[in-house]
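What follows is a set of notes on a single structure, which appears directly below.
Coordinate-derived values only; no laboratory data. Everything numeric here is computed off the predicted structure, so don't read it as measured data. All Cβ positions, even for glycine, are placed from backbone atoms using ideal geometry, and neighbour counts span all protein chains on display.
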Amino acid sequence: MMRFLFFSLLFLVSVSSTASNKTIVIAGDNWCPINCGADDEDKGFMIDVATEALALSGYQVKYEEIPWTRAVGLARKGKINAIVGAFRGDAPDFHFPNMALLNISPSSLFVKKESTWQYQTVRSFNGIRLGAIKGYDYGDKLNNYIQSVLASDESSIVQIYGNDAVSRSIQFLLRDRIDVFVETGPVFWHQAKQMGISEQVKPAGNVSEPEPCFIAFSPSLENSEALTLALDKGIISLKQQGRIKQIAKKYGLPIDSL
């Protein structure tokens, strides 16, 4: 009897371990509609796509809402499987799928409606207080500008951190604590609509052209390469079915960004 219980316990442990290996933890800060709140019914475009795509290979996605720099750090240490809404510059050591989920500019600029400021070159930022989110990749040109300014005149760059960084940055803009806010277009306009302030703000140019945006996998976990392949395979299948465009439409994302 004891021998039977022993082998039954081993079987249960084995099954549990196998099941846990099929649960993939993906994390990021609230960047809706790309990835939204972990407790929201609609968790965001990339989370919905990843959930359906990885399910085709037998994986289950668990999404966690974590401040961006912490999510990157946890994934780099292998504590979670992946980060969501990543440009290659965010985590160049990570495993990136071949299939990007979106093509969007990481450095669109926004101002208050009455502002006359318009981006032309990096020199346009002279005398301007720029709001940015700590740890985000904005493309080489703006990244280099931010780093050089932080090294000499921190007052010209206002960095926000946390799950509510986008909404807080927009509030800073409306309260004149910053003059310009840099964010990706779909995320900015989604949040502005949620806050009911869309008519109070306007676009003011882009520092860089659209770039591919991904779910990127930990450089420290053995199954990361297999997961990137599974995600690619699933995305191809969903695209063939027209499913990705359906999910994009649900979140109001432009089809030409896919």
message = Please report the antiparallel percentage of the DSSP beta bridges confined to the chain, to the nearest 5.
response = 55 percent
ask   = Listing S105, S156, S148 from the residue with the fewest other Cβ atoms within 10 Å to the one with the most, what is the order?
value = S148, S156, S105
message = For the chain, give me every cysteine whose Cβ has no other Cys Cβ within less than 4.7 Å, ordered by residue number.
response = C213
task = Measure of size requested: the Rg and Dmax of the stretch 205-258, with Cα atoms as the atom set and Å as the unit; please supply both.
result = 14.2, 41
Sparsely packed GluC sites (Glu not before Pro) within the stretch 158-258, loop by DSSP, other Cβ within 10 Å at most 13 = E222
query = Along the charge dipole of the chain, Cβ charges K/R +1 and D/E -1, which of I178, V25, Q159 sits furthest on the positive end?
reply = V25
message = Around W68, under 11 Å between beta carbons, what's the net of Lys plus Arg minus Asp minus Glu among the other residues?
response = -2
request  = Pop out the ³J(HN,Hα) list for the stretch 194-208 in order, Karplus 6.51 cos²θ - 1.76 cosθ + 1.60 with θ = phi - 60°, rounded to Hz; leave Gly and Pro as x.
outcome  = 4, 7, x, 10, 4, 7, 9, 9, 7, x, 9, x, 10, 7, 10
query = Which whole-Hz ³J(HN,Hα) couplings does the stretch 115-128 yield from phi under the Karplus relation 6.51 cos²θ - 1.76 cosθ + 1.60, θ = phi - 60°, glycine and proline marked x?
reply = 5, 9, 6, 9, 6, 10, 9, 4, 5, 4, 7, 4, x, 10
query = What net charge do the residues around P219 carry, taking every other residue with its C-beta under 15 Å from that of P219, with Lys and Arg at +1 and Asp and Glu at -1?
reply = 0
task = Place a +1 charge on the Cβ of each Lys and Arg in the stretch 108-206 and a -1 charge on the Cβ of each Asp and Glu, then give the dipole magnitude about the Cα centre in debye, rounded to the nearest 20.
result = 180 debye
inquiry  = I'm spelling it out carefully: the read-out is percent of Cα pairs over 24 Å apart, the candidates are [x] 66; [y] 50; [z] 47, and one was derived from this structure. Which label?
reply    = [y]
Within the stretch 108-206, percent of DSSP bridges classed antiparallel, to nearest 5 = 55 percent
note = In order over the stretch 159-176: 3J(HN,Hα) from phi, Karplus 6.51/-1.76/1.60, θ = phi - 60°, whole Hz, x for each Gly or Pro, gives 9, 10, 9, x, 5, 9, 4, 5, 5, 5, 5, 5, 4, 4, 5, 5, 8, 6
task = Under 12 Å from the Cβ of P33, count the other residues' Cβ atoms, weight Lys and Arg +1, Asp and Glu -1, and hand me the total.
result = +1
task = For every helix of n ≥ 4 consecutive DSSP H residues, a contribution of -39,500 (n - 2.57) applies; sum these over the chain, divide by its total residues, and give [θ] at 222 nm rounded to the nearest 500 deg cm²/dmol.
result = -12000 deg cm²/dmol
remark   = If unit charges are put on Cβ atoms (+1 for Lys and Arg, -1 for Asp and Glu) and the dipole of the chain is taken about its Cα centre, the option from G127, S148, F217 lying farthest towards the positive end turns out to be F217
message = Under the rule of at least 5 residues apart or a separate chain, name every residue whose amide H is placed under 5 Å from the amide H of I104.
response = E211, C213
inquiry  = Taking amide H atoms as placed 1.01 Å from N in the peptide plane, list the residues 5 or more away in sequence, or in a different chain, whose amide H sits under 5 Å from that of V201.
reply    = K113
message = As an exercise, take the mean of 1/r over every pair of distinct alpha carbons in the stretch 29-159, invert it, and state the Kirkwood radius in angstroms.
response = 16.9 Å
ask   = Taking only the alpha-carbon positions of the stretch 83-195 and ignoring solvent, what does the Debye formula give for the base-10 log of I(q)/I(0) at q = 0.11 Å⁻¹?
value = -0.36
